[in-house]
Amino acid sequence: MNLHEYQGKAILKKFGVTVQEGILIEDSSKAEAAFEELQKLTGTKYAVVKAQIHAGGRGKGGGVKLAKI
């Protein structure tokens, strides 16, 4: 089964499993607004920005970066 992390988290959340909050964006121009929304929800100064693709293995095509205001 090919699921992106955000899809798997939505399924787990539906069944009452606690998951970290996140916001899916599909356009980089919406990144700042998403970070501001995440800040309102959690009070964090940090965000993890993740690029996700189906590439057949962990870490083969996505990227993970830590961002701070």
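The values are calculated or read from the model by the stated rules, or taken from the named source; none is laboratory data. What you see is a predicted model; the values in this text were computed from it and never measured. Methodologically, a virtual Cβ is constructed for each residue, glycine included, from the backbone with ideal geometry; neighbour enumeration extends over all protein chains shown.
Quick notes
- Residue in segment 32-40 that is modelled with pLDDT under 90 and either among the aliphatic types (A, V, I, L, M) or in contact with a Leu (Cβ under 7 Å, 6 or more places away or on another chain) (or both) present: yes
- Residue in segment 19-42 that is surrounded by fewer than 13 Cβ atoms within 10 Å (Cβ to Cβ), touching a residue at least 40 places away in the same chain (Cβ under 8 Å) and more than 14 Å from the chain's Cα centre (by Cα) present: no
- All positions within segment 1-18 that are more than 13 Å from the chain's Cα centre (by Cα) and polar (S, T, N, Q): Asn2, Thr18
- Among the candidates Lys50, Lys13, Lys9, residue that is surrounded by 13 or more Cβ atoms within 10 Å (Cβ to Cβ), assigned to a helix (DSSP H, G or I) and basic (Lys, Arg): Lys9
- Taken over segment 1-35, the criterion of being of a type in the set (D, E, K, R) and more than 12 Å from Ala67 (Cβ to Cβ) is satisfied by Glu5, Lys9, Lys13, Lys14, Glu21, Glu26, Asp27, Lys30.
- Boolean, Lys60 is loosely packed, with under 12 Cβ neighbours inside 10 Å and modelled with pLDDT under 85: yes
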